[in-house]
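Written out below as structure tokens is the structure these notes cover.
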Amino acid sequence: MKDLKQVKGILLDYGGTIDSNGIHWAEIIWSAYEMYMVPISKEVFREAYVYGERTLAKNPFIQPNHTFRDMLRIKTGIQMQWLQDNNKLTENCFSEDTSQAIAEWCYSFAREKTTNARQVIQELAHKYPLVLVSNFYGNIESVLRDFRLDSFFDKIIESAVVGVRKPDPEIFRLGVKQLNMNAENVVVIGDSYDKDIIPATSLGCQTIWLKNIGWEEYKGNEKADVIISDFLELRTYLLS
């Protein structure tokens, strides 16, 4: 493990880190599907989820003014439409109310997690310059305003804006450049081992992996300078 005392700046991920405490969003949305008894298997849901993510990557359905609630409604709508179009969900089993209820449940989950994380982020911002580095849809600033997180970051590097996506290390290189520091003085905090930890390590940054429930099972040989299971643990390593 590197010496976190050398850390002078932070690159912080958003989705899956701040808004879900390390749980992959597919798992959260699936929990909502289960709660509202949508009659499909998890395997079918994951197909719909992947289709939705690819659709949003190709089409500007999410606009800069959209909040996280707006985004979830769009995501859920695309997933439900795919399920119907592919005969995975009959009309008798689908209602617009259910789709909106799933989105609202997920939004409430995100609001709770961001509220829990906000105080720690504020404390970090008092001690370090913070740069947000996120794969997002062009609306991250609206999301941050909605969750009252927008005042804490010196710079926001969003994939849809800069044209570079994780796991490309270049997006983290942009963050290091914004901090105007050597990589060894920067710590990258994220929930994705493949998209956050590996590329950050390749640049020489220090890493804190928020390890919780991912998209796939972990192999067991993953390494980071620090591994935590709760966002609030950042106090122990960076604020004590």
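The values are calculated or read from the model by the stated rules, or taken from the named source; none is laboratory data. Nothing here was measured: the structure is a model prediction, and the numbers come from that model. Here Cβ is always computed from backbone atoms with ideal geometry, including for glycine, and neighbour counts include all displayed protein chains.
One residue alone among ASP97, ASP154, ASP146, ASP168 is within 30 Å of PRO39 (Cα to Cα) and either without any contact (Cβ under 8 Å) to a residue 40 or more places away in the chain or outside the structural domain of PRO60 (by TED's automatic domain parsing) (or both), and that residue is ASP97. Residues in segment 167-223 that are of a type in the set (Lys, Arg) and closer than 14 Å to VAL131 by Cβ were compared, and the one that is surrounded by the most Cβ atoms within 10 Å (Cβ to Cβ) is ARG173.
Residues that are surrounded by 14 or more Cβ atoms within 10 Å (Cβ to Cβ), within 21 Å of ASP97 (Cβ to Cβ) and in contact with a helix residue (DSSP H, G or I) (Cβ under 6 Å, 6 or more places away or on another chain) within segment 37-56 comprise PHE45, ALA48, TYR49, GLY52, listed in sequence order.
Can you name every residue in segment 170-192 that is under 17 Å from the mean Cα position of the chain (by Cα), in a loop (DSSP other than H, G, I, E, B) and not hydroxyl-bearing (Ser, Thr, Tyr)? Listed by number, the list holds a single entry, ASP191. Scanning segment 139-160 for residues being under 18 Å from HIS66 (Cα atoms) and either of a type in the set (Lys, Arg) or surrounded by fewer than 16 Cβ atoms within 10 Å (Cβ to Cβ) (or both) gives a total of 3.
Within segment 129-156, track down each residue that is of a type in the set (D, E, K, R) and part of a strand (DSSP E or B).
Going residue by residue through segment 129-156, those that are of a type in the set (D, E, K, R) are 141, 145-146, 148, 150, 154-155.
Result: LYS155, single match.
Residues in segment 112-128: is at least one in contact (Cβ under 8 Å) with a residue 12 or more places away in the chain, outside any helix (DSSP H, G or I) and over 14 Å from TRP25 (Cβ atoms)? Yes; the residues of segment 112-128 include at least one that is in contact (Cβ under 8 Å) with a residue 12 or more places away in the chain, outside any helix (DSSP H, G or I) and over 14 Å from TRP25 (Cβ atoms). Of the residues making up segment 201-220, none is aromatic (Phe, Trp, Tyr) and assigned to a helix (DSSP H, G or I).
Within segment 89-104, the presence of a residue that is at pLDDT 95 or above and out of contact with any helix residue (DSSP H, G or I) (no Cβ under 9 Å at 6 or more places or on another chain) is excluded.
Here are TYR33, TYR51: which of them is in contact (Cβ under 8 Å) with a residue 60 or more places away in the chain and of a type outside the set (Gly, Ala, Ser)? Reasoning before the result, please.
Numbers: TYR51 fails: in contact (Cβ under 8 Å) with a residue 60 or more places away in the chain.
On inspection, the qualifying residue turns out to be TYR33.
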